[in-house]
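A quick write-up on the structure given underneath.
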Amino acid sequence: MPIVSTESWTLELPDEWSAEHDDDVVVIGDEDGVSCLEISSLVLDEGEVGDEDLGEFARDLLDAGVRPRTARIGDWTGQLFEHDDADGHWREWFLRHGAHFVYAGYHCLPEHAGMDDAAIAEILATLEPR
């Protein structure tokens, strides 16, 4: 499995997925090109990321009335928002682990919703802070 590494995290990809670094975002796509996972992150200089920080990061979704579910991925905790908009079907994770914050946004066309859920879960399960 290929390993994707940034200054603040690493993860493994299944062979049929690839990653490109685009400024501060890692864009991960599958070989059929129907879906995309984008990951960005930040690490606090001091302290830990708290639930209130996650709420601020997700403010636009919360203000739009999208309700989160609790998310736990390995040692990461946070919120998962699942919704549809004009651009497609979205699953957005706002995760924290110590001083680390990670945003992972998966999107695809509505007709492909659910198709890559297992692969995305497999990818995110390998997410480790650095």
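Couple of notes before you dig in:
- Backbone N within the stretch 28-50 under 16 Å of label point (7 Å from Val66 Cα along the Cβ vector): 36-40
- In this Cβ point-charge picture (+1 for Lys and Arg, -1 for Asp and Glu), the chain has a dipole of about 480 debye about its Cα centre.
- Of the peptides 121-128, 18-25, the order by per-residue mean of other Cβ atoms within 10 Å, starting with the highest, comes out as 121-128, 18-25.
- Local electrostatic count, Trp9, Cβ distance below 13 Å [Lys/Arg +1, Asp/Glu -1]: -3
- Other residues with beta-carbon under 13 Å from the beta-carbon of Gly98 carry, at +1 per Lys or Arg and -1 per Asp or Glu, a net charge of -4.
- Across the chain, C-alpha contacts under 8 Å between residues 6 or more apart give a mean separation that, scaled by the residue count, equals a relative contact order of 27 percent.
Here, each number is a calculation from the coordinates, and none is a lab measurement. Since this is a predicted model, take the numbers as computed values, not measurements. Glycine also receives a Cβ, built like all others from the backbone with ideal geometry; neighbour counts cover every protein chain displayed.
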